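Structure first, then comments.
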Amino acid sequence: MNPRAHRFPALEYTTVIVLALALLAPRRAASDPAQAAPGFALRGLDGKTVRLTDYKGKPVVLDFWATWCGPCRAAMPHLDAIQNRYRERGLVVLGVSVDDGGPQRVKRYADHLGVRFRIVMADERVLDLYGPIRSIPTTFFIDRRGMVVRRVVGYLDQETLESYAEEVLGD
């Protein structure tokens, strides 16, 4: 038996834990300058067309999610809370469902969770414009000028979500 083989098991475990946490942490493109948010026209769960231009001059939190995504489900109450908290300051939260099951299924799911922010159904074009969307949730923070100032891949806790919302509010 090699006496060095099991010399640093705590270090090995710590390395694995640190790597796992790094992979799970919200990520942002490191040095991407702000870019204009691509325009879109998507169907809401009520069948009406929702355009990004409908919210011109307002900060927008654009969250790509799905009903089958655990971290997405966990983030829904946080998104709802910031919509309610910052509505008077103009913040808009838009959920973009990537589900294949159709708007009725997504509506039942959102109603079950008590979600009150606006939800639209993604199409291939918006996935290309904002993509690549390889993981969900993926959340974009768009300021009042229509610039994407932050793109986060992964779950956002309430505190982090609020701090990013404050950034785009910029009052």
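The values are calculated or read from the model by the stated rules, or taken from the named source; none is laboratory data. Every value quoted in this text rests on a predicted model; they were computed, and no experiment measured them. Methodologically, a virtual Cβ is constructed for each residue, glycine included, from the backbone with ideal geometry; neighbour enumeration extends over all protein chains shown.
In the stretch 47-60, the residues that are within 13 Å of residue 145 (Cα to Cα) and in contact (Cβ under 8 Å) with a residue 24 or more places away in the chain form Cβ pairs under 7 Å with partners that are acidic (Asp, Glu) and surrounded by 12 or more Cβ atoms within 10 Å (Cβ to Cβ), at six or more places apart or across chains, as follows: 59/143.
Residues in the stretch 130-137: is at least one at pLDDT 95 or above, in contact with a Gly (Cβ under 8 Å, 6 or more places away or on another chain), surrounded by 15 or more Cβ atoms within 10 Å (Cβ to Cβ) and over 22 Å from residue 49 (Cα atoms)? Checking the stretch 130-137: at least one residue is at pLDDT 95 or above, in contact with a Gly (Cβ under 8 Å, 6 or more places away or on another chain), surrounded by 15 or more Cβ atoms within 10 Å (Cβ to Cβ) and over 22 Å from residue 49 (Cα atoms). Restricting attention to the stretch 146-171, the residues that are over 14 Å from residue 34 (Cα atoms), among the hydrophobic types (A, V, I, L, M, F, W, C) and not in a helix (DSSP H, G or I) total 2. Scan the stretch 84-128 for residues that are under 15 Å from residue 69 (Cα atoms), β-branched (Val, Ile, Thr) and either in a helix (DSSP H, G or I) or in contact with a Ser or Thr (Cβ under 6 Å, 6 or more places away or on another chain) (or both) and the total you get is 1.
In this entry, residue 79 is excluded by the filter for residues that are surrounded by 20 or more Cβ atoms within 10 Å (Cβ to Cβ), touching a His at 6+ places or on another chain (Cβ under 6 Å) and either within 21 Å of residue 52 (Cα to Cα) or in contact (Cβ under 8 Å) with a residue 40 or more places away in the chain (or both).
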